[in-house]
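Q: Dumping the structure here so I can ask a few things about it.
What follows is calculated from the coordinates using simple rules that are stated; it is not laboratory data. All values derive from a computational prediction rather than experimental measurement. Neighbour counts run over all protein chains shown; Cβ positions are idealised from the backbone, glycine included.
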Amino acid sequence: MIQAILVFNNHGKPRLVRFYQRFPEEIQQQIVRETFHLVLKRDDNICNFLEGGSLIGGSDYKLIYRHYATLYFVFCVDSSESELGILDLIQVFVETLDKCFENVCELDLIFHMDKVHYILQEVVMGGMVLETNMNEIVAQMEAQSRLEKSEGGLSAAPARAVSAVKNINLPEIPRNINIGDLNIKVPNLSQFV
Amino acid sequence: MEAVNLLSSNKYTEKQIGYLFISVLVNSNSELIRLINNAIKNDLASRNPTFMCLALHCIANVGSREMGEAFAADIPRILVAGDSMDSVKQSAALCLLRLYKASPDLVPMGEWTARVVHLLNDQHMGVVTAAVSLITCLCKKNPDDFKTCISLAVSRLSRIVSSASTDLQDYTYYFVPAPWLSVKLLRLLQCYPPPEDAAVKGRLVECLETVLNKAQEPPKSKKVQHSNAKNAILFETISLIIHYDSEPNLLVRACNQLGQFLQHRETNLRYLALESMCTLASSEFSHEAVKTHIDTVINALKTERDVSVRQRAADLLYAMCDRSNAKQIVSEMLRYLETADYAIREEIVLKVAILAEKYAVDYSWYVDTILNLIRIAGDYVSEEVWYRVLQIVTNRDDVQGYAAKTVFEALQAPACHENMVKVGGYILGEFGNLIAGDPRSSPPVQFSLLHSKFHLCSVATRALLLSTYIKFINLFPETKATIQGVLRAGSQLRNADVELQQRAVEYLTLSSVASTDVLATVLEEMPPFPERESSILAKLKRKKGPGAASSLDDGRRDASSNDINGGVEPTPSTVSTPSPSADLLGLRAAPPPAAATAPASAGNLLVDVFSDGPAAQPSLGPTPEEAFLSELEPPAPESPMGLLADPAPASDPGPEDIGPPIPEADELLNKFVCKNNGVLFENQLLQIGVKSEFRQNLGRMYLFYGNKTSVQFQNFSPTVVHPGDLQTQLAVQTKRVAAQVDGGAQVQQVLNIECLRDFLTPPLLSLRFRYGGAPQSLTLKLPVTINKFFQPTEMAAQDFFQRWKQLSLPLQEAQKIFKANHPMDAEVTKAKLLGFGSALLDNVDPNPENFVGAGIIQTKALQVGCLLRLEPNAQAQMYRLTLRTSKEPVSRHLCELLAQQF
């Protein structure tokens, strides 16, 4: 079973944090920090597996990670998963992101948090591998966006705003949006109900 | 709240964002959960597959108990319904799996299980993958229900393995057909023993061979993903082969394949190869084959740049070690230790210590190795390691001289580790005389060497060194003046540390007051330690899994640490203030060895003699003397019963007129189910303390009778009685105690216990004495219960479930559901279960809250295997306890005993 999926950049800024076991908020942050330090000090050409940090179950869990350009994708799994299998799963996840966003980059993860979560949801569900077929996942995502379009308006508005911001090319990227922006969205949405 | 509103919306986007919010952010806020559950229920009931999927995802992602309670019954229905869409089935399977993992008791087994197995034949590969995950988890609990899946899985696997890379279009990943599904299927097969059906087995072996063959083919793509996927299957195949452990041919092929990977340039593959080889090394067929790779592995340990790989290499070396290569491996590991990462040093130290002990051919090598270990990594040498070396040196005469010489040399290094000083101090104190002949290590040299380290050491070490000094006084009288000077120095006598001060004062007095003979007796060489399981091994186990070690070890460790001083401390009181009984002995010219070995009990005997009064007086000659002395000897095992009804004084009541046990006896007994030492009984007159130890089917119990009054007890006679047919089940040998217990005094009685077969009722202890002329009698239950003869057993989850299954007759199981009488604390429960005697097994029960234990009850006639499971329910403050043993009455009895403890 997959315990947690962490994506952070080379500076340790979390870009996607998904825990499949409940941890209190501050522990989650500590885990991210600890994992980052474990992964950071490793060269690129040594192996992709290491034993989990003390916070996340120690040697019972393995961290399996891949480093893509500016981002680290780290999966924390228990012994019931095949290491190479998870390594491939990371690849599938990233390739899927790539297909959905066309040349995915760190910014996509920041500005399309929701979409990234939806894609992840299609790949991993509650800590279990759901779908490994890239075409299937992409098809699901396309179906979703068709549905969204047909219902129109709602998500288009924030998306437009986001792309506008993206074009301005802000010098400083807002930090850790993942929780903040969802909270902002929800009150906005209420008027539609 | 807004999010819940969103859930009930009919628009997809709104629903979706609502679910996302909940699965990412919601914690178990009870009020909200109810509303959410409602919305989910509606969505599950809707026929819209997208909504159903969303709802299932949400359940899986939250995975809380409340959700489990609400939906556990619905999901199996959705899973096997004929009209469910593929994607819904897929989600439902995983959702069920998630709920099952979170709370296994909630998911009902039923007729759907058979249909789940048939999902393996589903057209859609995604559904099959999800179903395999589900079955793999479920079948660990109920292997029989899912047995049919083996043949289905094998045929599915063979179809995938033999298919061309283009057949399974979508599920082909970099030219490898359905790698995830193959891996999952191979994992599933690892839950079962090799298939019995020859045809199925043949097909499976064929598959495995095909996979091994494919590994030799040239890769179809240069991409790393291609080789990853291929090797994922390969590694899983190899672990299946190792799991079956029955095809020597395949095993050797697997080993060769791994050997190739050991030199592969992909670090990941080297890592995995080392890991798989570790398990391979434990198989008898391939152990030799693994050993051929020793040089590569050692090389990996030396040159690998990656710490995780190096650690695996060290693990493998540990696994492949045997008598033939122990020296090489241990020396390599020692060399590695100098450069090893700090995080894994302690583990390596433990491993080296264990290997050195286990495979030591000559003990001088062992001593060398451990001393090297302390020199190289003194900080990481835990106490267990150096206790152990002391135990071994003390127990083996042939290495004592060598050990003394070696530590002496090691201590000469200008900077040596404190642990080295401890070992050195102890060994020289015990066996320094063996090297005193050499002028280079004459007593004064030894002393000044040790004393030069004294000021740099911690209090514990200094205390130990003080004990060494007093032993030196005994061994080498010529050092007496110097040492007394040291002890007398203000820095010792007025040391701020109480322990040091006390020792200095006591030792100084002892050395000046006592005669040489007394000194020699007090400071005699330590007797050999009883053989026991290496405490180091226990420590390593504990490092691997926190629950694996028993609390017993702590007790043992303390005992061995006290031995160093304990041997000295208590004795002075008996010897330096000679008791009247010792004088009497002297008068009557009793053989001195008896006085030295058991002064206390000899004294009691003498009192006995006089209390018998005139009748005994005339026969004071040497013959009865010897008779009495022979009684001092441990009773011969052949006649346990004879001794029980032994030549007791005439006033001794026969077993017939034993009163019923006092009312609170049961309650008192319960206190001792999970512990061995404590106060058994106490009233205004008397206190009875118990100290006991049990090993296999034997036990020894010390009873301490303390007279709390100031008046002497007369005709004091404790007897052990076996009610009913206990006589045939339990043999208890008692030693007689003095008939008088002085006011404020304590007498000790030793009971040797042997468990002949399983028993249900504890033996009774009947106590009679006269207090101030009034006869008193008291009957207690002795704290000897069947669980005392528990031998903890470690086993892996698979073994456990296999055995659990084997004991499935309804009579073999005893179950009890009961309210908690004490606060429910996991640590306390753990300690109780360990005290109960069973091993605690981690990672067996999918629910980490539950406790699972295993052990064997050892009796002379038979052994009874026991498995137990305790499921606490914190909300209801209830426990459910299930016991399965091979004997029906034992299950019930243990269950009742244990249930009263929580």
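Q: Looking only at other chains, what is the average number of their beta-carbon atoms within 10 angstrom of each beta-carbon in A:129-142?
A: Across the residues of A:129-142, the mean count of other-chain Cβ atoms within 10 Å is 5.
Q: A:Val94 versus B:Val445, label points 7 Å from Cα toward the beta carbon: distance in nm?
A: Result for the modelled spin labels: 6.6 nm.
Q: Per-residue Cβ counts within 10 Å, from other chains only, averaged over B:10-18: what number is that?
A: Average per residue, whole number: 6.
Q: Using 0.36 nm per residue of separation minus the Cα-Cα distance, give me the extension gain between B:Phe818 and B:Ile662 in nm, one decimal.
A: Answer, rounded to one decimal: 53.5 nm.
Q: Going from the alpha-carbon gyration tensor of the stretch B:415-495, what semi-axes, largest first and in whole Å, does one get by taking the root of 5 times each eigenvalue?
A: 19, 16, 10
Q: Still on this structure, I have one more. Using 0.36 nm per residue, how much length does the chain from B:Met109 to B:Ala797 gain when fully extended, once their Cα-Cα distance is taken away?
A: 245.6 nm
Q: Work through the residues other than B:Leu240 whose Cβ is under 11 Å from its Cβ and net out their charges, Lys, Arg +1 and Asp, Glu -1.
A: -2
Q: Right, next: Could you give me the radius of gyration and the Dmax of the stretch A:2-144, taking only the C-alpha atoms into account and expressing both in angstrom?
A: Rg then Dmax for the stretch A:2-144, in Å: 14.3, 41.
Q: May I pose another question? Would you kindly compute the Cα radius of gyration of the stretch B:1-108 and its largest Cα-Cα separation (Dmax), both in Å?
A: Considering the stretch B:1-108 through its Cα atoms, Rg and Dmax are 12.7, 36 Å.
Q: If you build the Cα gyration tensor of the stretch B:787-900 and take the root of 5 times each eigenvalue, what three semi-axes come out, in whole angstrom, biggest first?
A: Semi-axes, largest first: 21, 15, 14 Å.
Q: Moving to a separate point now. For B:Leu730, B:Leu537, B:Leu870, what's the fewest-to-most ordering of other Cβ within 10 Å of each Cβ?
A: B:Leu537, B:Leu870, B:Leu730
Q: Assuming R0 = 51 Å, what is the FRET efficiency of B:Lys291 and B:Gln687, from their Cβ-Cβ distance, to the nearest 0.05?
A: The pair B:Lys291/B:Gln687 has a calculated efficiency of 0.25.
Q: Below 25 Å, Cα to Cα, which lysines can A:Lys13 reach? Residues fewer than 8 away in the same chain don't count.
A: A:Lys41, A:Lys62, A:Lys99, A:Lys115, A:Lys166, A:Lys185
Q: If we count every other residue with Cβ under 10 angstrom of B:Cys457's Cβ, Lys/Arg +1 and Asp/Glu -1, where does the sum land?
A: Around B:Cys457, the surrounding residues sum to +2.
Q: May I pose another question? Multiplying the sequence separation of B:Ala415 and B:Glu206 by 0.36 nm and subtracting their Cα-Cα distance, what value in nm do you get?
A: Length difference between fully extended and current span is 68.9 nm.
Q: Same structure again: Sorted from fewest to most neighbouring beta carbons within 10 Å, what does the list A:Asp43, A:Asp114, A:Asp60 look like?
A: Neighbour counts put them in this order, fewest first: A:Asp43, A:Asp60, A:Asp114.
Q: Roughly how many nanometres apart are two label points built 7 Å out from the Cα toward the Cβ at B:Ala826 and B:Leu32?
A: 2.5
Q: May I ask for the Rg/Rh ratio of the stretch B:820-875, computed from Cα atoms with Rh as the Kirkwood radius, given to two decimals?
A: Taking Rg over the Kirkwood Rh, I get 1.03.
Q: Report the percentage of all Cα-Cα pairs in the stretch B:53-100 whose separation exceeds 16 Å, rounded to a whole percent.
A: Value for the stretch B:53-100: 25 percent of Cα pairs lie more than 16 Å apart.
Q: Continuing with this model, one more query. Note down, for the stretch B:663-784, the three equivalent ellipsoid semi-axes (square root of 5 times each alpha carbon gyration tensor eigenvalue), biggest first, whole angstrom.
A: Over the Cα atoms of the stretch B:663-784, the ellipsoid semi-axes are 25, 14, 14 Å.
Q: If we count other beta carbons within 10 Å of each Cβ, what is the order of B:Met526, B:Met67, fewest first?
A: Ranking B:Met526, B:Met67 by Cβ neighbours within 10 Å, fewest first, gives B:Met526, B:Met67.
Q: Take every Cα-Cα pair in the stretch B:847-902 and report what % of them are more than 14 Å apart.
A: Summing the P(r) tail past 14 Å for the stretch B:847-902 gives 56 percent.
Q: Hey, another quick one. What is the Cα convex hull volume of the stretch B:360-523 when expressed per residue in Å³?
A: 113
Q: Let me ask you something else. Quick one: of B:Lys89/B:Lys223; B:Lys184/B:Lys223; B:Lys223/B:Lys351, which pairs are farther than 31 Å apart, Cα to Cα?
A: B:Lys89/B:Lys223; B:Lys223/B:Lys351
Q: Based on the Cβ-Cβ distance of A:Glu102 and A:His11, what FRET efficiency does E = 1/(1 + (r/R0)^6) give at R0 = 35 Å, to the nearest 0.05?
A: It comes out at approximately 0.90.
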